[in-house]
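The values are calculated or read from the model by the stated rules, or taken from the named source; none is laboratory data. Since the model is a prediction, treat every value here as computed from it, not as a measurement. As a convention, Cβ positions derive from the backbone with ideal geometry for all residues, glycine included, and neighbour counts pool all protein chains shown. Only protein heavy atoms, including side chains, enter the accessible area calculation; ligands, DNA and RNA are left aside. Shrake-Rupley method; radii C 1.70, N 1.55, O 1.52, S 1.80 Å.
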Amino acid sequence: MGRKLLLEKAHVEGIRTYEVYRREGGYASVEKALKSMSPDQVTEEVKKSGLRGRGGAGFPAGMKWSFLAKPEGVPRYLVCNADESEPGTFKDRYLMEFIPHLLIEGLIVASYALGSERTYIYIRGEYAWIVDILEQAIAEANQAGFLGKNILGTGFNCQIYVQRGAGAYICGEETALLESLEGKRGNPRIKPPFPAVKGLWDCPTVVNNVETLAAVVPIINIGGEEYAKIGVGKSTGTKLISACGNINKPGVYEIDMTISVEEFIYSDEYCGGIPNGKRLKACIPGGSSVPILPANLLLKTAKGEQRMMNYESLADGGFATGSMMGSGGFIVLDEDQCVVRNTLTLARFYRHESCGQCSPCREGTGWMEKILKNIETGKGKKSDIDLLWDIQRKIEGNTICPLGDAAAWPVAAAIRHFRDEFEWHVNNPVESQHRNFGLAHYADPLPVPVTA
Amino acid sequence: MVQFSDEQLKKVQEIVARYPDGKQKSALIPVLHLAQETFGGWLSAETMDYVASLLKLEPIEVYEVATFYSMYNLKPVGRYIFEVCQTGPCMVKGSDDIIDYIKSTLGIGVGETTSDGLFTLKTVECLGACGYAPMMQLGKHYREHLTKEKVDGIIAELRAKAAN
Ligand SMILES: Cc1cc2nc3c(=O)[nH]c(=O)nc-3n(C[C@H](O)[C@H](O)[C@H](O)COP(=O)(O)O)c2cc1C
Ligand code: SF4
Ligand code: FES
């Protein structure tokens, strides 16, 4: 049983309320940080912890904080990214819904470290009921004196506001998020300048993911060094994984990054295996943007080592034979799933979500969807597969924000690893309309489980 | 005529107060949500102009935003909107069947409203409920682990609610 730092108390009866949360030891990190540490010491502790951003890119959080510009007389802002819209990802929702005070606590400590007196939680518009949960928690924290003016008599003032988005995946990209928070269309900004220098209303700003900010609480409580001992290598601490697709137990799991992918999928503590005795075909281990891997490469790296659930191991082999931890959205596909169809829904998603500023992304995502649709419906040509490859190559790296790459990678990986399935669709336009390709050579290397 | 109540105007003031002085444009997205909820579930030109005047913005600043975000409806909609997710993880769990079932049960296509004005069907992209698929958004809440029986139940429940 792995160590839990974030969700350990998530199921204590009444933990959503301040009263119970406090009784269970909540807000201790605010007391410790504000009363016994300087803001820089808090940042130092986060640096020592090795905590990497949990929003997808995995950038070290303490380092990001230390880059924040601090010009005299200019306000600084902390913005919590709760836009959570990457297909396969629903971990932040879980944390906010079940243990909202953990996020509020982390936000207060982080606001203190960064000197943010107005801190915003930008939450995707569809999570409307969670806005109420968070606002309730904020009101309780105000009442208890952990927010507002002169918190705990330390002279630090801070208020947290919840801002609802209105349906746009692109607003998860940090500069689009800031545009949206300023009341505009969510068009990503050209970087540099980075938000650390010129962010919200042109002021220095840090944008961090929900889970990143919640992790600040255990880091301050147990100390950065202690936190860094959990996990392995540069994958320190615990990570929330939202697991979905063809598994027996979809849900949100906190793992300590020392378990293997195989254990994560098959053990009863986590996903509980694949339903109906089916075999594993493929998996998108870190949210829809990261490369899909066939079963054989998912469970073992190209070198034949056991693949583990952490940043380094999931990325082992680069894009040729590896994938990424990404946002922790773990999507499992069994032998009955069609990779072409799955890739099509993702291509449609990215076409729908492209903000339209850059031609390669705006046009390319539309073309990819159209071509995939043709292949899927039995109208594809053999040359379409190369054309798809060509288009994704032309998008990647040629756009203002990483949504272009995020749209290109899933298509590239699907063709790289499942080319025979694409060809089968093209060569068997009739048959492919009523049956799926199945497992083929990338078959689940595990024996078929015995089921009753 | 489009006009917020006094209580709603107070709410608008509260929203504006979340931002530093002079940054009331930031209130636009939350105030548009409030306007859509208040004025029939969609944003007419009149509603958008009203919001512009409230926040001292040019009408174009409001149109630009209203047309960018998928949660704003720019045409009249039914009283209840079924927004069914169709992205990969939901598709794997049978969202296509659910969409087809709603279409045939209500006799409408995607983007259409039933003739009694009660139901609109929309398809949407991932709503962050992939582990509880298939699912739809219904007003402020999600309905998850959908089955045909559950869809029947939801329709019956809403018809009963509307009749009261
Ligand atoms: C298209 C796109 C969508 C993104 N969506 C999210 C999101 O929903 N939540 C999130 O935390 N980060 C998202 N990110 C990453 C953010 O830009 C940013 O890196 C992150 O919020 C930083 O927080 P972290 O360092 O704590 O991970 C997205 C990035 C891109 C390019
Ligand atoms: S890459 Fe796509 S989403 Fe990003 S700025 Fe360009 S057009 Fe917009
Ligand atoms: S794919 Fe439907 S909620 Fe995520």
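Per-residue answers, yes or no, for (1) more than 19 Å from the chain's Cα centre (by Cα); (2) within 30 Å of B:Q8 (Cα to Cα):
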| residue | (1), (2) |
| --- | --- |
| B:Y50 | yes, yes |
| B:Y69 | no, yes |
| B:V77 | no, yes |
| B:E83 | no, yes |
| B:P89 | yes, no |
| B:S95 | yes, no |
| B:S104 | yes, no |
| B:G109 | no, no |
| B:E112 | no, no |
Condition test on A:E174, is it out of contact with any helix residue (DSSP H, G or I) (no Cβ under 8 Å at 6 or more places or on another chain), within 16 Å of ligand 3 (Cβ to nearest atom) and either without any contact (Cβ under 8 Å) to a residue 40 or more places away in the chain or not assigned by TED's automatic domain parsing to the domain that holds A:L403 (or both)? no
Within segment A:10-24, can one find any residue that is exposed (fewer than 15 other Cβ atoms within 10 Å of the Cβ) and within 25 Å of the chain's Cα centre (by Cα)? yes
Is one or more of the residues making up segment A:69-91 part of a helix (DSSP H, G or I) and on the phi < 0 side of the Ramachandran plot? yes
Which of the residues that make up segment A:363-400 are within 14 Å of chain B (Cβ to nearest Cβ) and assigned to a helix (DSSP H, G or I)? A:T365, A:E369, A:L372, A:K373, A:E376
When segment B:42-84 is checked residue by residue, the ones that are open to solvent by less than 20 Å² (accessible area, probe 1.4 Å) and touching a Gly at 6+ places or on another chain (Cβ under 9 Å) are B:T47, B:L55, B:V65, B:Y69, B:Y72, B:N73, B:G78
How about segment A:13-46: which of its residues are closer than 25 Å to A:I230 by Cβ, assigned to a helix (DSSP H, G or I) and among the acidic types (D, E)? A:E31, A:D40, A:E44, A:E45
If we keep only residues of segment A:311-326 that are outside any helix (DSSP H, G or I) and open to solvent by less than 10 Å² (accessible area, probe 1.4 Å), then the residue nearest to A:Y442 (Cα to Cα) is A:G322
Only one of (1) over 22 Å from the mean Cα position of the chain (by Cα); (2) aliphatic (A, V, I, L, M); (3) within 16 Å of ligand 3 (Cβ to nearest atom) fails for A:I371. Which number is that? (3)
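Of all residues in segment A:423-451, how many are in contact with a Leu (Cβ under 8 Å, 6 or more places away or on another chain) and open to solvent by less than 40 Å² (accessible area, probe 1.4 Å)?
Residues flagged as in contact with a Leu (Cβ under 8 Å, 6 or more places away or on another chain) and open to solvent by less than 40 Å² (accessible area, probe 1.4 Å) within segment A:423-451 amount to 3.
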Filter pass, A:T343 being within 16 Å of ligand 3 (Cβ to nearest atom), at pLDDT 95 or above and among the hydroxyl-bearing types (S, T, Y): yes
What are the residues in segment A:243-270 that are more than 14 Å from every other protein chain (Cβ to nearest Cβ) and open to solvent by 20 Å² or more (accessible area, probe 1.4 Å), if any? A:D256, A:T258, A:E262, A:E263, A:Y266, A:S267, A:D268, A:E269
Among the candidates B:K140, B:K150, residue that is at pLDDT 95 or above, loosely packed, with under 14 Cβ neighbours inside 10 Å and more than 16 Å from ligand 1 (Cβ to nearest atom): B:K140
Restricting attention to segment B:111-135, and to residues there that are within 11 Å of another protein chain (Cβ to nearest Cβ) and touching a Lys or Arg at 6+ places or on another chain (Cβ under 7 Å), which single residue is nearest to ligand 1 (Cβ to nearest atom)? B:G128
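Report the residue count in segment A:131-177 for those that are within 16 Å of ligand 2 (Cβ to nearest atom) and either within 23 Å of A:L114 (Cβ to Cβ) or not in a helix (DSSP H, G or I) (or both).
10
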Before we move on, is A:V232 away from chain B (no Cβ under 14 Å), away from ligand 3 (no atom under 16 Å from the Cβ), among the β-branched types (V, I, T) and under 25 Å from A:G165 (Cβ atoms)? no
Going through segment A:178-195 one residue at a time, which ones are open to solvent by less than 20 Å² (accessible area, probe 1.4 Å) and either of a type in the set (A, V, I, L, M) or within 11 Å of ligand 1 (Cβ to nearest atom) (or both)? A:L178, A:L181, A:G186, A:P188, A:P195
Yes or no: segment A:155-175 includes at least one residue that is more than 16 Å from ligand 1 (Cβ to nearest atom), at positive phi, of a type outside the set (S, T, N, Q) and open to solvent by 10 Å² or more (accessible area, probe 1.4 Å). yes
Just to verify a result, which residue in segment A:47-66, among those that are outside any loop (DSSP other than H, G, I, E, B) and under 26 Å from A:F330 (Cβ atoms), is nearest to ligand 2 (Cβ to nearest atom)? A:K64
Matching residues in segment B:29-77 (of a type in the set (F, W, Y) and away from chain A (no Cβ under 11 Å)) number 3
Residue selected from segment B:78-110 under the condition part of a loop (DSSP other than H, G, I, E, B) and within 14 Å of chain A (Cβ to nearest Cβ), by the criterion nearest to ligand 2 (Cβ to nearest atom): B:T87
